[in-house]
Amino acid sequence: MAETKLLMQTTLLAGAILLENGAEIARVEDTMHRIAANAGHPEAQVFVLLTGITVSLPDADASQVRAIHQRGMDLEKVDQVNTLSRQFAAHDIDLNEFATALTHVNQAVPTFPFSWLVIAALVVSVPLMIAFTGHATPADLITCGLAGMAGFATYYWVNRLGHIRFLSEFIGAFLIGLITLIGFYLTHAPYHPDAIIIGAVMPLVPGVAITNAVRDTMTGNLLSGPARAIEAILSACAIGLGIALTSIFY
(Lines give C-alpha, C1' and ligand atoms only; values in the text may rest on other atoms or scores of the structure.)
Protein backbone atom coordinates (compact mmCIF):
# COMPACT_ATOMS: atom_id res chain seq x y z
CA MET A 1 0.00 0.00 0.00
CA ALA A 2 2.81 2.40 0.88
CA GLU A 3 4.58 1.62 -2.39
CA THR A 4 1.36 2.23 -4.35
CA LYS A 5 0.94 5.60 -2.65
CA LEU A 6 4.55 6.53 -3.40
CA LEU A 7 4.11 5.50 -7.04
CA MET A 8 1.01 7.65 -7.45
CA GLN A 9 2.64 10.64 -5.79
CA THR A 10 5.75 10.24 -7.93
CA THR A 11 3.70 9.90 -11.12
CA LEU A 12 1.62 12.97 -10.25
CA LEU A 13 4.71 14.99 -9.38
CA ALA A 14 6.38 14.11 -12.69
CA GLY A 15 3.24 15.11 -14.59
CA ALA A 16 2.86 18.34 -12.63
CA ILE A 17 6.46 19.40 -13.29
CA LEU A 18 6.03 18.74 -17.00
CA LEU A 19 2.69 20.52 -17.26
CA GLU A 20 3.78 23.53 -15.19
CA ASN A 21 6.89 24.07 -17.30
CA GLY A 22 5.65 23.99 -20.87
CA ALA A 23 5.21 20.34 -21.91
CA GLU A 24 2.30 19.43 -24.16
CA ILE A 25 -0.52 17.22 -22.86
CA ALA A 26 0.49 14.16 -24.91
CA ARG A 27 4.01 14.21 -23.46
CA VAL A 28 2.65 14.50 -19.91
CA GLU A 29 0.24 11.59 -20.35
CA ASP A 30 2.82 9.40 -22.07
CA THR A 31 5.48 10.03 -19.42
CA MET A 32 3.09 9.37 -16.53
CA HIS A 33 1.79 6.16 -18.11
CA ARG A 34 5.34 4.91 -18.77
CA ILE A 35 6.31 5.56 -15.13
CA ALA A 36 3.33 3.57 -13.88
CA ALA A 37 3.90 0.77 -16.41
CA ASN A 38 7.58 0.47 -15.52
CA ALA A 39 6.58 0.21 -11.87
CA GLY A 40 4.36 -2.78 -12.61
CA HIS A 41 1.01 -1.13 -13.37
CA PRO A 42 0.53 -1.25 -17.17
CA GLU A 43 -3.24 -0.76 -16.77
CA ALA A 44 -2.80 2.68 -15.20
CA GLN A 45 -5.21 5.37 -16.41
CA VAL A 46 -4.06 8.98 -16.74
CA PHE A 47 -6.23 12.02 -17.46
CA VAL A 48 -4.57 15.42 -17.89
CA LEU A 49 -6.08 18.88 -18.24
CA LEU A 50 -4.37 22.25 -18.00
CA THR A 51 -5.71 22.74 -14.49
CA GLY A 52 -5.44 19.23 -13.05
CA ILE A 53 -4.07 15.71 -13.34
CA THR A 54 -5.75 12.44 -12.40
CA VAL A 55 -4.05 9.06 -12.17
CA SER A 56 -5.76 5.77 -11.37
CA LEU A 57 -4.36 2.28 -10.75
CA PRO A 58 -7.32 -0.10 -11.34
CA ASP A 59 -5.46 -3.18 -10.15
CA ALA A 60 -4.67 -1.44 -6.85
CA ASP A 61 -8.05 0.28 -6.42
CA ALA A 62 -6.33 3.66 -5.98
CA SER A 63 -6.79 7.08 -7.54
CA GLN A 64 -5.35 10.54 -6.88
CA VAL A 65 -5.84 14.01 -8.28
CA ARG A 66 -3.41 16.94 -8.33
CA ALA A 67 -4.44 20.51 -9.14
CA ILE A 68 -2.25 22.71 -11.35
CA HIS A 69 -2.34 26.35 -10.27
CA GLN A 70 0.44 27.87 -12.35
CA ARG A 71 2.06 27.35 -15.73
CA GLY A 72 5.28 28.77 -17.05
CA MET A 73 8.13 27.87 -19.35
CA ASP A 74 11.23 26.01 -18.14
CA LEU A 75 12.35 23.39 -20.64
CA GLU A 76 15.32 22.51 -18.42
CA LYS A 77 12.92 20.93 -15.92
CA VAL A 78 11.06 19.15 -18.72
CA ASP A 79 14.35 17.66 -19.90
CA GLN A 80 15.32 16.63 -16.36
CA VAL A 81 12.02 14.77 -15.86
CA ASN A 82 12.38 13.00 -19.20
CA THR A 83 15.94 11.95 -18.30
CA LEU A 84 14.87 10.61 -14.90
CA SER A 85 11.96 8.76 -16.49
CA ARG A 86 14.33 7.01 -18.90
CA GLN A 87 16.67 6.11 -16.05
CA PHE A 88 13.74 4.62 -14.13
CA ALA A 89 12.65 2.65 -17.20
CA ALA A 90 16.20 1.28 -17.55
CA HIS A 91 16.20 0.35 -13.82
CA ASP A 92 19.19 2.63 -13.19
CA ILE A 93 17.25 4.15 -10.27
CA ASP A 94 14.50 2.75 -8.07
CA LEU A 95 11.18 4.38 -7.18
CA ASN A 96 12.48 6.04 -4.00
CA GLU A 97 15.46 7.55 -5.82
CA PHE A 98 13.16 8.66 -8.62
CA ALA A 99 10.81 10.42 -6.19
CA THR A 100 13.70 12.12 -4.39
CA ALA A 101 15.22 13.29 -7.69
CA LEU A 102 11.88 14.67 -8.88
CA THR A 103 11.47 16.64 -5.65
CA HIS A 104 14.93 18.09 -6.22
CA VAL A 105 14.07 19.01 -9.81
CA ASN A 106 10.84 20.68 -8.70
CA GLN A 107 12.50 22.75 -5.98
CA ALA A 108 16.16 23.19 -6.76
CA VAL A 109 16.87 23.10 -10.50
CA PRO A 110 18.24 26.58 -11.17
CA THR A 111 17.11 28.80 -14.00
CA PHE A 112 19.48 31.07 -15.89
CA PRO A 113 20.55 34.24 -14.05
CA PHE A 114 18.39 37.30 -14.67
CA SER A 115 21.28 39.09 -16.40
CA TRP A 116 21.61 36.23 -18.91
CA LEU A 117 17.89 36.34 -19.63
CA VAL A 118 18.06 40.08 -20.35
CA ILE A 119 21.03 39.56 -22.66
CA ALA A 120 19.09 36.77 -24.40
CA ALA A 121 16.18 39.19 -24.91
CA LEU A 122 18.64 41.59 -26.60
CA VAL A 123 19.99 38.81 -28.82
CA VAL A 124 16.46 37.81 -29.83
CA SER A 125 15.11 41.32 -30.41
CA VAL A 126 17.72 42.93 -32.66
CA PRO A 127 18.35 40.10 -35.17
CA LEU A 128 14.61 39.42 -35.53
CA MET A 129 13.97 43.11 -36.19
CA ILE A 130 16.47 42.94 -39.05
CA ALA A 131 15.14 39.58 -40.28
CA PHE A 132 11.48 40.65 -40.33
CA THR A 133 11.91 44.16 -41.71
CA GLY A 134 15.07 43.97 -43.82
CA HIS A 135 16.41 47.33 -42.75
CA ALA A 136 17.82 48.99 -39.65
CA THR A 137 19.63 52.21 -38.85
CA PRO A 138 21.98 52.60 -35.85
CA ALA A 139 19.17 54.40 -34.02
CA ASP A 140 16.84 51.47 -34.73
CA LEU A 141 19.37 48.96 -33.41
CA ILE A 142 20.03 50.85 -30.18
CA THR A 143 16.37 51.58 -29.48
CA CYS A 144 15.29 48.02 -30.27
CA GLY A 145 17.97 46.59 -27.99
CA LEU A 146 17.02 48.88 -25.11
CA ALA A 147 13.29 48.34 -25.59
CA GLY A 148 13.67 44.55 -25.85
CA MET A 149 15.74 44.34 -22.66
CA ALA A 150 13.56 46.75 -20.68
CA GLY A 151 10.32 45.13 -21.85
CA PHE A 152 11.49 41.64 -20.97
CA ALA A 153 12.91 42.74 -17.60
CA THR A 154 9.57 44.32 -16.72
CA TYR A 155 7.69 41.22 -17.87
CA TYR A 156 10.00 39.04 -15.74
CA TRP A 157 9.65 41.03 -12.52
CA VAL A 158 5.91 41.60 -12.80
CA ASN A 159 5.55 37.83 -13.22
CA ARG A 160 7.74 37.22 -10.18
CA LEU A 161 6.09 39.78 -7.91
CA GLY A 162 2.46 39.61 -9.03
CA HIS A 163 -0.06 36.90 -9.78
CA ILE A 164 -2.39 38.67 -12.23
CA ARG A 165 -2.50 36.84 -15.54
CA PHE A 166 -1.52 38.80 -18.67
CA LEU A 167 -0.58 41.93 -16.70
CA SER A 168 3.13 41.26 -17.21
CA GLU A 169 2.73 41.09 -21.01
CA PHE A 170 0.70 44.29 -21.02
CA ILE A 171 3.16 46.30 -18.91
CA GLY A 172 6.18 44.93 -20.78
CA ALA A 173 4.67 45.81 -24.15
CA PHE A 174 3.61 49.24 -22.90
CA LEU A 175 7.20 49.97 -21.84
CA ILE A 176 8.49 48.81 -25.23
CA GLY A 177 6.08 51.18 -26.96
CA LEU A 178 7.04 54.01 -24.60
CA ILE A 179 10.78 53.60 -25.22
CA THR A 180 10.17 53.45 -28.97
CA LEU A 181 8.07 56.63 -28.71
CA ILE A 182 10.79 58.43 -26.76
CA GLY A 183 13.34 57.42 -29.39
CA PHE A 184 11.01 58.72 -32.11
CA TYR A 185 11.04 62.21 -30.58
CA LEU A 186 14.72 62.26 -29.61
CA THR A 187 16.41 61.01 -32.77
CA HIS A 188 16.89 63.04 -35.94
CA ALA A 189 18.21 60.10 -37.96
CA PRO A 190 16.05 57.80 -40.12
CA TYR A 191 13.83 55.91 -37.70
CA HIS A 192 11.48 52.94 -38.10
CA PRO A 193 9.28 52.53 -35.00
CA ASP A 194 7.27 49.68 -36.53
CA ALA A 195 10.44 47.64 -37.07
CA ILE A 196 11.68 48.39 -33.55
CA ILE A 197 8.41 47.28 -31.96
CA ILE A 198 8.29 44.08 -34.04
CA GLY A 199 11.74 43.08 -32.84
CA ALA A 200 11.39 44.20 -29.23
CA VAL A 201 8.14 42.32 -28.52
CA MET A 202 9.51 38.98 -29.75
CA PRO A 203 10.75 37.85 -26.29
CA LEU A 204 7.17 38.32 -25.01
CA VAL A 205 5.34 36.49 -27.80
CA PRO A 206 3.77 33.20 -26.56
CA GLY A 207 5.23 31.08 -29.36
CA VAL A 208 5.56 27.83 -27.39
CA ALA A 209 2.02 28.17 -26.04
CA ILE A 210 0.66 28.52 -29.57
CA THR A 211 2.69 25.52 -30.75
CA ASN A 212 1.49 23.39 -27.84
CA ALA A 213 -2.10 24.45 -28.49
CA VAL A 214 -1.85 23.16 -32.06
CA ARG A 215 -0.12 19.94 -30.99
CA ASP A 216 -2.66 19.25 -28.24
CA THR A 217 -5.55 19.81 -30.63
CA MET A 218 -4.02 17.59 -33.33
CA THR A 219 -3.47 14.76 -30.82
CA GLY A 220 -7.15 14.82 -29.83
CA ASN A 221 -7.00 16.85 -26.62
CA LEU A 222 -9.98 19.01 -27.55
CA LEU A 223 -10.28 20.57 -24.10
CA SER A 224 -6.67 21.50 -23.39
CA GLY A 225 -5.78 22.48 -26.97
CA PRO A 226 -8.38 25.25 -27.36
CA ALA A 227 -7.78 26.32 -23.76
CA ARG A 228 -4.08 26.82 -24.52
CA ALA A 229 -5.01 28.67 -27.71
CA ILE A 230 -7.28 31.06 -25.80
CA GLU A 231 -4.51 31.63 -23.25
CA ALA A 232 -2.03 32.43 -26.03
CA ILE A 233 -4.53 34.74 -27.78
CA LEU A 234 -5.16 36.66 -24.54
CA SER A 235 -1.39 37.05 -24.08
CA ALA A 236 -1.10 38.38 -27.62
CA CYS A 237 -4.02 40.76 -27.00
CA ALA A 238 -2.34 42.07 -23.84
CA ILE A 239 0.84 42.74 -25.84
CA GLY A 240 -1.14 44.45 -28.59
CA LEU A 241 -3.04 46.62 -26.14
CA GLY A 242 0.18 47.74 -24.47
CA ILE A 243 1.64 48.80 -27.84
CA ALA A 244 -1.63 50.42 -28.99
CA LEU A 245 -1.79 52.72 -25.96
CA THR A 246 1.51 54.31 -26.94
CA SER A 247 0.95 54.32 -30.72
CA ILE A 248 -1.71 57.03 -30.45
CA PHE A 249 1.02 59.56 -29.60
CA TYR A 250 2.93 59.20 -32.89
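The values are calculated or read from the model by the stated rules, or taken from the named source; none is laboratory data. Bear in mind the structure is a predicted one, so any value in this text is a computation, not a measurement. Glycine gets a Cβ as well: all are built from the backbone with ideal geometry, and neighbour counts include every protein chain shown. We work out accessible area using only protein heavy atoms, side chains counted, and drop any ligands, DNA or RNA first. Shrake-Rupley method; radii C 1.70, N 1.55, O 1.52, S 1.80 Å.
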Ignoring ligands, DNA and RNA, please state the percent of accessible area on the chain from carbon and sulfur, probe 1.4 Å. 65
Taking H placed 1.01 Å from N in the peptide plane, check which residues at least 5 places from Leu49 or on another chain put their amide H under 5 Å from its amide H. Thr54
Could you give the length gained by full extension between Thr137 and Asp74, i.e. 0.36 nm per residue of separation minus their alpha carbon distance, to one decimal place? 19.2 nm
Could you sort the peptides 85-94, 126-135 by per-residue average Cβ neighbour count (10 Å cutoff), highest mean leading? 126-135, 85-94
Under a 5 Å amide H to amide H cut-off, with H placed in plane at 1.01 Å, what residues pair with Leu223 once short-range neighbours are removed? none
Probe of 1.4 angstrom, ligands and nucleic acids ignored: what's the accessible area per residue over the chain, in square angstrom? 52
Taking R0 as 41 Å and r as the Cβ-Cβ distance between Gln87 and Leu241, the FRET efficiency 1/(1 + (r/R0)^6), rounded to the nearest 0.05, comes to 0.35
For Ser63, the accessible surface traced by a 1.4 Å probe with all protein chains present amounts, in square angstrom to the nearest 10, to 80
Work out how much length Thr54 to Thr219 would gain on full extension: take 0.36 nm times their residue separation and subtract the Cα-Cα distance, in nm to one decimal. 57.5 nm
Virtual spin-label span in nm between Phe112 and His188, 7 Å along Cα→Cβ: 3.9
Based on alpha-carbon centroids, what's the gap between the range 1-55 and the range 63-141 in Å, whole number please? 19
Helix-only CD estimate at 222 nm, as mean residue ellipticity for the chain, using -39500 (n - 2.57) per DSSP H run (n ≥ 4): -23000 deg cm²/dmol
For a quick check of your reading of the filter: which GluC sites (Glu not before Pro) in the range 8-89 sit in a DSSP loop and have no more than 16 other Cβ atoms within 10 Å? Glu43
At 18 Å minimum axial length over the Cα atoms and a Kyte-Doolittle cut of 1.6, report the qualifying DSSP H helices in the chain, or say none. 114-133, 167-186
Checking a compactness column here: for the range 100-203, what do you get for Rg(Cα) / (2.2 N^0.38 Å), N being the number of residues? 1.24
